[in-house]
Structure formats: structure tokens, C-alpha cells
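The values are calculated or read from the model by the stated rules, or taken from the named source; none is laboratory data. Fair warning: this is a prediction, and the values are worked out from it, not measured in the lab. With ideal geometry, Cβ positions are generated from the backbone for all residues, glycine too; neighbour counts draw on all protein chains shown.
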Amino acid sequence: MLQQKTAAYQAIERLRRSGRFPSGEERTERLKEEADRFIAEMRRERTAAARELGGIFHLQEFFDGTLRTDERELMDSPDLPEDRKLRMARALERQSGMLQLNRRFVALLSPLIRELARGSGRETRVLELAAGAGGLSLALGRETRDRGLPCRVTGTDIVAAYVEASSREAEREGLEVRFRTLDACRAEEIESEPADLVLVAQSLHHFSPGELALMVRGAREAGARAFVGIDGYRSPLVAAGVPLVAALQGIAEFALDGLTSARKFYSEAELDAVIEIATGERNHLVLNRWPLTLVLARFDGVRAEETEIPLA
Ligand SMILES: C[S@@+](CC[C@H](N)C(=O)[O-])C[C@H]1O[C@@H](n2cnc3c(N)ncnc32)[C@H](O)[C@@H]1O
């Protein structure tokens with residue numbers, strides 16, 4: 001319902017035809033502002049298109065506009081002490097465990113990790129951005145240890161307390177997973193960490209369209225062969241479900257962040273446009289893995305459609 005595909009793709013087409021779709025040649029310094037500008041313009045055009053389409057389209061657009069927010073999650077606030085951030089990141093980790101999400105992410109990613117390893121003849125170097133308390137990086141490390149998944153993982157986040165806690169956990173479990181601080185909004189920091197596959201899980205909505213474009217561009221410039229982003233699917237059911245499930249953790253600020261996040265999830269059409277703006281081509285997939293959206297971009301000449309992403 002909140003995907004608004006008909007109106008969204010009409011809006012993108014109008015902007016493309018009138019020369020307002022960024023060329024893809026945007027220099028990295030301009031990429032952020034161009035992608036931010038385009039998505040803001042696309043949302044305005046989409047509202048106009050929905051109004052013209054009328055009826056249910058108009059109603060859905062009204063609902064989407066009422067729900068959407070640009071508010072920052074509390075856990076990203078520079079004023080929140082790191083111990084309270086860590087408490088929230090751990091709550092998210094428990095929630096992911098309860099929903100078996102990291103297991104699911106590993107299942108979704110394993111064929112691609114194996115394919116990249118076959119192609120290079122060595123383990124796939126995986127760089128996770130915005131890794132929070134490190135649940136996915138650690139799960140990949142366990143898969144490597146227990147089932148021989150051919151990868152070497154570096155988990156990163158901007159919050160030092162997460163990096164320290166994740167490093168301790170990796171050491172405690174004897175996993176060969178490295179953690180370090182890294183600002184995912186700085187393409188040059190991404191470029192400082194050689195990787196074959198760059199991952200962002202459950203965090204796309206924490207970044208503006210321009211920041212996402214920079215991440216994808218940074219991954220490509222760093223020599224990665226693929227980028228995968230996974231996040232909540234934008235829909236009324238997920239928007240209602242995320243804060244309710246978050247409330248089970250009994251931490252008010254975490255439940256509030258659940259609500260903010262659910263209001264911010266990107267639609268598939270928005271992610272589709274952001275990746276095209278970042279790469280200047282259409283070699284990517286935007287897939288529905290309910291209640292998730294998965295985006296994959298390939299930079300190594302392999303057609304994105306040829307990548308095995310299970311229906312996990
Ligand atoms: C919703 S949490 C997701 C954490 C983790 N991926 C998970 O699934 O549990 C969003 C994460 O984005 C991180 N983050 C926000 N801005 C960032 C930035 N500029 N660079 C790196 N990480 C950032 C936050 O610190 C937080 O850990």
C-alpha cells in the first residue's frame with residue numbers, strides 16, 4: 001500500500017524525461033545533494049501523480065505523507081550517552097534473535113558470498129556498515145566456523161561502544177570477525193577498508209538518500225564487487241508491527257525508535273532510484289523478502305539478475 005509504485009514510477013519517468021534525473025556521472029562531492037534533491041522532488045511529483053490518478057492512489061499518498069517523518073532515531077542522537085545507545089543496540093539484537101533475522105540474512109547472503117569466493121579463489125571479504133551490536137557480522141563468523149562459509153568479516157559502526165562490545169563477543173566465541181569504527185557517510189572511510197561485498201542491514205532508513213548513494217558509490221570505488229542492503233518493507237502492517245514488537249523489550253526509547261524507523265523505511269521505487277543515481281546504471285535488483293526489502297548492486301560486470309538470492 002505505502003509502496004505507491006504506480007505513482008512513484010510515473011513521477012520518476014516524468015523527472016527523467018524532463019532531464020531532472022541525476023546523470024550518474026555526478027562527482028562524489030555533489031552526489032549526496034543530488035540524490036537528496038531528487039528523492040525530495042520525486043516525492044512531490046509522486047503526490048501530484050497520485051492526485052491525478054485519484055481515488056485509492058490519492059488516499060494512499062495522503063496516508064504515506066502523514067506517516068513519513070525525517071526525525072532522527074534517539075539512538076543516533078549525539079546527546080545520548082554510549083551506554084544507553086548500547087542498551088538499545090542490544091535490545092535490537094535480542095529482537096532480531098527472536099525474529100530469527102540474522103539467520104535469515106545469512107541464508108539470503110550465503111550463495112552470493114560463495115559465488116564471490118569461487119570467482120576470486122579466496123575467501124570473500126565482507127564489510128558490514130552500521131553493524132550496531134554486531135549480530136549479523138557475528139552470525140556470518142559462526143557460519144564460517146561451523147559450516148565453512150568462505151568469508152572474512154569486518155563489522156563497523158560509528159559508535160565506539162558497539163565496536164568494543166562486538167569485539168569482546170567475537171573474542172569470547174573465538175570467531176575471526178574484526179570490528180572497527182567507521183563513519184558510513186564518508187566514502188573515503190569505506191574506501192579505506194578493502195572488501196568484496198559491502199553490507200548494510202536494518203539501517204538503510206537511518207541514512208538520507210544522499211548518504212545511501214555515497215555508501216553505494218564508496219563501495220564501488222573501494223573495489224567491492226557487490227553491495228547488499230536489507231531493511232524493513234514499507235507497508236502499514238510493518239509500520240504497525242515494528243513498534244509493537246519493539247515494545248516487547250520494555251525499553252520506552254527503543255519502542256519509540258521502532259516507531260520512528262517504521263515511518264522512515266524507504267519504498268522500493270525510492271531505493272531503486274537512489275542506486276541508479278549512485279551507480280549511473282541499472283545493474284541492481286530491488287527484491288521483496290517480506291517483511292524486508294533487499295537491494296543488490298553489482299559492480300563487477302556480472303548481471304545482477306544472475307545473482308542467486310534465495311527466497312529465504
Ligand atoms: C537500526 S541500527 C542497526 C544495527 C545493526 N545493523 C542491526 O541490524 O542490529 C542502525 C545503526 O546505524 C548506525 N549508524 C548511524 N549513523 C551511522 C554512520 N554515519 N556510520 C556508521 N554507522 C552509523 C547506528 O550507530 C546503529 O548502530
Among the numbered criteria (1) part of a helix (DSSP H, G or I); (2) touching a residue at least 12 places away in the same chain (Cβ under 8 Å); (3) over 24 Å from residue 292 (Cα atoms), which single criterion is violated by residue 146? (2)
Please give the number of the condition residue 97 fails out of (1) exposed (fewer than 14 other Cβ atoms within 10 Å of the Cβ); (2) closer than 17 Å to residue 261 by Cβ; (3) within 13 Å of the ligand (Cβ to nearest atom). (2)
Filter pass, residue 144 being modelled with pLDDT of 95 or more, touching a Cys at 6+ places or on another chain (Cβ under 7 Å) and either more than 13 Å from the ligand (Cβ to nearest atom) or under 21 Å from residue 91 (Cβ atoms) (or both): yes
Run residue 116 past the list (1) of a type outside the set (Ser, Thr, Tyr); (2) within 13 Å of the ligand (Cβ to nearest atom); (3) touching a Cys at 6+ places or on another chain (Cβ under 9 Å) and report the number of the one that doesn't hold. (2)
Under 14 Å from residue 199 (Cα atoms), of a type outside the set (D, E, K, R), in a helix (DSSP H, G or I) and within 10 Å of the ligand (Cβ to nearest atom): is that true of residue 136 in this structure? yes
If you scan segment 145-157, which residues turn out to be surrounded by fewer than 20 Cβ atoms within 10 Å (Cβ to Cβ) and more than 18 Å from residue 194 (Cα to Cα)? 145, 146, 147, 148
Given the conditions (1) at pLDDT 95 or above; (2) in a loop (DSSP other than H, G, I, E, B), and given that residue 168 satisfies all but one, which numbered condition is not satisfied? (2)
If residue 182 meets every condition in (1) within 10 Å of the ligand (Cβ to nearest atom); (2) touching a Gly at 6+ places or on another chain (Cβ under 9 Å); (3) among the aliphatic types (A, V, I, L, M); (4) closer than 30 Å to residue 119 by Cα apart from one, which number is that one? (2)
Return the residues of segment 185-216 that are of a type in the set (D, E, K, R) and either more than 16 Å from residue 277 (Cβ to Cβ) or modelled with pLDDT under 95 (or both); say none if nothing qualifies. 186, 188, 189, 191, 193, 196
